[in-house]
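The values are calculated or read from the model by the stated rules, or taken from the named source; none is laboratory data. Values in this document were obtained by computation on a predicted structure and should not be read as measured data. A quick note on method: Cβ atoms are made from the backbone with ideal geometry, for glycine too, and the neighbour counts reach across all protein chains shown. Remember, those area values only see protein heavy atoms, side chains included, never the ligands or the DNA or RNA. Shrake-Rupley method; radii C 1.70, N 1.55, O 1.52, S 1.80 Å.
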Amino acid sequence: MPTDISDSIKSKSPFRRGADDGLFMGLLLVAVFFTGSLSFRYPLAANIAPILMLAGVPLLTYMLLRRSFVRDNGLTLFSSLWMQGIVTFFCGTLILAIFMYAYMRWGDPSFMHDMVCRMADFYDSMPQTPQTQEVSKILHTMIDENIYPSEIDVAIESIWLGVFSGSILSMLAALIVRARRVRIKPESDERL
């Protein structure tokens, strides 16, 4: 039983919590990537799954930050919650990047080629404007000359994208988490 307030707020650092929570975020992001890549092969079966899972990312972020806020009896600072969210997204996207790299390198080596071909087909089917013609021309040049981003480039870019967007999402989630009060349960005075 805590003897003073300093004992009651001793908890994991936001870095440790973020690293622990990053595992959950990473598994969710891997599931989004995996179902998203399957949706190209099985459009009707897996098209909606990645969208629904992506909608779960803000919810998971809120739940993880709220759990920390409640554990600290509502005393967690905004900056601490925000940092926890950033670390969560860094660790989660690191897991995603490792999975993506392995998948594109050994699981489906033609993944980037297939994606560029699909994008070229998409732009070819759009109403032709100077912008769509230019993009289509670039994509067809990539296909003809076999120039694609490498697996590691895609993995690193996914980390950058995940941490940047996760930082903004974590900031918003931390604001919402701090806006809701925590009911502190009275502690009993019984000692063992």
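General observations
- Some residue of the stretch 90-102 being open to solvent by 70 Å² or more (accessible area, probe 1.4 Å), farther than 24 Å from V154 by Cβ and in a helix (DSSP H, G or I): no
- If you check V182, V177, V135, V116 for being closer than 24 Å to L28 by Cα and of a type outside the set (D, E), only one passes: V177.
- One residue from E187, E145, E134 being closer than 30 Å to R66 by Cβ and either over 19 Å from the mean Cα position of the chain (by Cα) or at pLDDT 90 or above (or both): E187
- Candidates are the residues of the stretch 10-57 that are open to solvent by 80 Å² or more (accessible area, probe 1.4 Å) and assigned to a loop (DSSP other than H, G, I, E, B); the one that is modelled with the highest pLDDT is K12.
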